[in-house]
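As structure tokens, the structure follows; a few thoughts come after it.
The values are calculated or read from the model by the stated rules, or taken from the named source; none is laboratory data. The model shown is predicted, which means the values in this text are computed figures rather than measured ones. Note that we place each Cβ from the backbone using ideal geometry, even for glycine, and neighbour counts take in every protein chain shown. Accessible surface areas use protein heavy atoms only, side chains included; no ligands, DNA or RNA. Shrake-Rupley method; radii C 1.70, N 1.55, O 1.52, S 1.80 Å.
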Amino acid sequence: MTDQRNGGDLVVETLEALGAKTVFGIPGQHALGLFDAMGRGNLHFVSSRVENNSAFAADGYSRATGEVGVLFLSTGPGALTSLAGLQEAYATGVPMVVVASQIPLEGLGARRKGMLHQLDDQKASAANVTKSQRLIQHASGIPSAIQDAWTEAISSPQGPVWIEIPQNVLLDPIMVPPVEDALAEAADNPPRVELIREAVKWLSTAERPAIIAGGGTRRGRAEKSLLSIAEKLRAPVICTPGGNGAFPWTHELSLQSWIEDRYMTDVLEDADVLIVIGSSLGEVTSNYFTFEPRGRIIQIDAEPRVLESNRPGLGIRADAGQALAALDEALAPTAAAPDWHGTTPEDLVKESLAKVTARLEAQDLGKELKFMADIREAVPADMQTFWDMTISAYWGWSCWDSREGQFHSAQGAGGLGYGFPAAIGGAVGLETVGKPGRVLAVSGDGSSMYSISELATAKQHNIPVTWLIVDDGGYGILREYMVGAFGKATATELSRPDFVKLAEAFGVPARRVAPENVGDALREGFAADGPNVVVVETLLKMFGPTHLGD
């Protein structure tokens, strides 16, 4: 034992000074200095079983709490295994600080010394899935680099930032004094005044204004301004999957989230001024690029590469919260009543939602509609939910009323395995900030196998996650796509374990129920302590696509 501090202590001290409370990850040989230092600090460490799931957990922690997720990674294979999880965080704008270890300094550069885990350029591997990458080569640079990374992570557009520190920099004794304080403030990202003025000019003469609220609306905490603007304009509002929850579901101007339905596409196409907030008008939002707007578009996004990436318009590069606050302040309530060809916007919303309902009811989807309704009824209004890439989640994108809770899904990058580890991170985060930690994770049998090992994590830390696994015997959505396109499915059927017995082998309570009993099973799970699993064996169908035409 020694009182000598090392570079790892500087990492831990700086993170604590910045407000970090929890770290996710897996120990590794080159990262031992980090973990040794954590033993002298106050960070709570949650050890996952696969690095990709650690990244998902840090993502879920951040989404649930609004705080920065922190991830510790080992070198080479450990670092690389995290990249798919980081892609989701990057695509969705989740603030994270990633600290990866690196081989000793003497092994860096062009030489191939044959060191364990050696890569030609490890940080280059993260370039596609993080905002920036830093290599720290001396201990005295650690506090400033982490402070800068934290600042960048929380500055809009938010996202993960990558730092890597060589093994010897983490382990060698240091002369740097303990970190006493660290300050990170998000960079200001306001809208340009002349652009807000022009947007107000367009909106003041609009007869049929409408709004698309994307994920940037939630990340910018712009919900209050959005509601005010919508009511001033009497503009119908539709939320994208990422924006789900940004606008009250039952509001008389709410088109909810049925953005993949042609009836909604028709409404948006007919708007003479369309405000798009925090969305690229990408594949799903544009109803698979069939959206052909006839009016003008005002597009607000913190990421300049998003602006006009799919449609020309008045691009306003700004944080959504700042932009909508400025727009709300400058915008007077509409003097002339909006006119949707003789229909009020409130009646238009009612009629459009009724048309969507009628379309669904004509498709023999009673089981699916009841299944989703039963889940919604069982989930407490303020509970946060985490959804994997599975048919239930695709339904959730359109039909889930998040109420006072939050809806989180992997729709940013679309990778499998997100739901359960993200829920673990979310539950840990909520308990860390003093809130009830119970959350719901929803996966399919295919996606659940990506993260099944995290049952051990949930058990070890007694994390209050209820995991709903909808088992349809394969990759259900791919099966449906292939049958629709080719008349048969290939390589979609899966051999899978008995999920109930497998969960019980980890010491996690589990039960199998029929679809009609899912609500009662979930309520029992929510009332229990620690993790539990509910398995439903059923084949759910998707509602028919409307972008393919008749």
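Structure above, values below:
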| quantity | calculated |
| --- | --- |
| Cα gyration tensor shape of the chain, rounded if a/c is under 1.5, else prolate or oblate by comparing a/b with b/c | oblate |
| Largest-first principal axis extents, alpha carbons of the stretch 8-62, Å | 26, 25, 12 |
| Candidate residues Asp472, Asp121, Asp388: accessible-area rank, largest first, probe 1.4 Å | Asp121, Asp472, Asp388 |
| Coordinate range along principal axes, alpha carbons of the stretch 188-234, Å, largest first | 29, 23, 15 |
| Interatomic Cα distance distribution for the stretch 410-550, bins of 5 angstrom, percent | 2, 10, 18, 21, 18, 13, 8, 5, 3, 1, 0 |
| Peptide ranges 89-99, 297-307, 427-437 listed from the most packed, as the mean C-beta count within 10 angstrom indicates | 89-99, 297-307, 427-437 |
| Low-density loop positions, trypsin sites (Lys or Arg not before Pro), the stretch 223-294 - DSSP coil, at most 15 other Cβ in 10 Å | Arg294 |
| Among Gly60, Thr130, Pro531 - extreme Cα towards positive end, dipole of the chain, charges at beta-carbon | Thr130 |
| Distance histogram for the stretch 110-226 (every C-alpha pair counted, 5 angstrom bins, percent rounded to whole numbers) | 2, 8, 12, 14, 14, 11, 10, 8, 6, 5, 4, 3, 2, 0 |
| Positive minus negative residues near Gly33 (Lys, Arg vs Asp, Glu; Cβ under 14 Å) | -3 |
| Distance histogram for the stretch 429-512 (every C-alpha pair counted, 5 angstrom bins, percent rounded to whole numbers) | 3, 13, 20, 20, 14, 11, 8, 6, 3, 1, 0 |
| Per-selection Kirkwood Rh - the stretch 316-448 (Cα, Å, 1 d.p.) | 18.0 Å |
| Within the accessible area of the chain (1.4 Å probe), percent carbon and sulfur | 51 percent |
| Accessible area (Å², per residue) of the stretch 70-187, counting only protein heavy atoms and a probe of 1.4 Å | 41 Å² |
| Segments 379-386, 134-141 sorted - mean Cβ within 10 Å per residue, highest first | 379-386, 134-141 |
| Inverse mean reciprocal Cα-Cα distance (Kirkwood Rh) of the stretch 86-141, Å | 12.9 Å |
| 0 to 90° range, to nearest 10: angle between helix 223-233 axis and the chain longest Cα axis | 20 degrees |
| Dimensionless Rg over Rh [the stretch 143-195; C-alpha; Kirkwood] | 1.16 |
| More than 22 Å apart - percent of Cα-Cα pairs taken over the stretch 189-271 | 24 percent |
| Descending semi-axes in whole angstrom, ellipsoid equivalent of the stretch 7-106, from the Cα gyration tensor | 20, 17, 11 |
| Distance between modelled label sites at Asp498 and Glu377, nm, 7 Å Cα→Cβ extension | 3.1 nm |
| Distance cut-off 18 Å, percentage of C-alpha pairs in the stretch 47-185 lying past it | 54 percent |
| Solvent accessible area, Å² - Thr205, 1.4 Å probe, full protein context | 100 Å² |
| Helix-only mean residue ellipticity at 222 nm for the chain, each DSSP H run of n ≥ 4 adding -39500 (n - 2.57), per residue, nearest 500 | -11000 deg cm²/dmol |
| Whether the stretch 234-349 is rounded, prolate or oblate, judged on the alpha carbon gyration tensor where a/c under 1.5 counts as rounded | rounded |
| 0 to 90° range, to nearest 10: angle between helix 320-330 axis and the chain longest Cα axis | 40 degrees |
